[in-house]
Amino acid sequence: MGITRDITERKKAQEKLITSEERFRTLYEENPLMNFTLDMEGKVLSVNKRGASELGYSPEELKGKSILQVFYKEDHQKVLNQVNECILNPNKSFSWELRKVSKAGDRILVSETGTAVLDKNGNYIVMIVCENITERKKAEKTIKDSEETRQTSMNAALDAMSCLDT
């Protein structure tokens, strides 16, 4: 009776573990945001499907490679500084905006948040979640340009009216 109960409890625990792992895998892989996990040297340990496809890669093409390959060369030092800042301040989140470059060479503006945590082997890994903000930044620029044009037009109209008053 005791052995049967032990086996039943072990099977239930295994089922819970499998369900939990599947839920985590789905949350990571199917997340609408780009997820990257880096080692302390900035090599990609894992990337979700969205993170790879948004940049025109497969996850296999990015795993084991330097994260720098997906950033503009001019931003490489900033990327290294941010990863280092995370590692120097574990469990604290840092956010930044930088430029990534897709496999096809397209520029992508991203907002990223990174946190360093210890893995099961006692090594720091950096977890990064990023969002493509390219379209939002374009829209913000369009609105700003439109407001500046409107303000310039208003100032010109006011100047013209003040000339008429004199």
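The values are calculated or read from the model by the stated rules, or taken from the named source; none is laboratory data. Nothing here was measured: the structure is a model prediction, and the numbers come from that model. A quick note on method: Cβ atoms are made from the backbone with ideal geometry, for glycine too, and the neighbour counts reach across all protein chains shown. Remember, those area values only see protein heavy atoms, side chains included, never the ligands or the DNA or RNA. Shrake-Rupley method; radii C 1.70, N 1.55, O 1.52, S 1.80 Å.
Of all the criteria given as (1) open to solvent by less than 50 Å² (accessible area, probe 1.4 Å); (2) without any contact (Cβ under 8 Å) to a residue 40 or more places away in the chain; (3) over 16 Å from the mean Cα position of the chain (by Cα), the one not satisfied by Leu68 is (3). Within the option set Glu112, Glu140, being open to solvent by less than 90 Å² (accessible area, probe 1.4 Å), acidic (Asp, Glu), within 25 Å of Pro32 (Cβ to Cβ) and assigned to a helix (DSSP H, G or I) holds for one residue only, Glu140.
Residues in the range 17-62 that are under 18 Å from Tyr124 (Cβ atoms) and open to solvent by 70 Å² or more (accessible area, probe 1.4 Å): Met40, Glu41, Lys43, Leu45. Sub-6 Å Cβ pairs linking a first residue in the range 47-59 that is farther than 15 Å from Gln69 by Cα to a second residue that is hydrophobic (A, V, I, L, M, F, W, C) and not in a loop (DSSP other than H, G, I, E, B), at least 6 apart or interchain, are Arg50/Met34, ordered by first then second residue.
A quick yes/no check of all residues on (1) closer than 20 Å to Tyr28 by Cβ; (2) of a type in the set (Val, Ile, Thr):
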site	(1), (2)
Val47	yes, yes
Gly51	yes, no
Gln69	no, no
Asn84	no, no
Pro90	no, no
Leu109	no, no
Gly122	no, no
Val129	yes, yes
Ile133	no, yes
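For the range 1-10, check the following and say yes or no: at least one residue is surrounded by 14 or more Cβ atoms within 10 Å (Cβ to Cβ) and of a type in the set (Lys, Arg). Checking the range 1-10: not a single residue is surrounded by 14 or more Cβ atoms within 10 Å (Cβ to Cβ) and of a type in the set (Lys, Arg).
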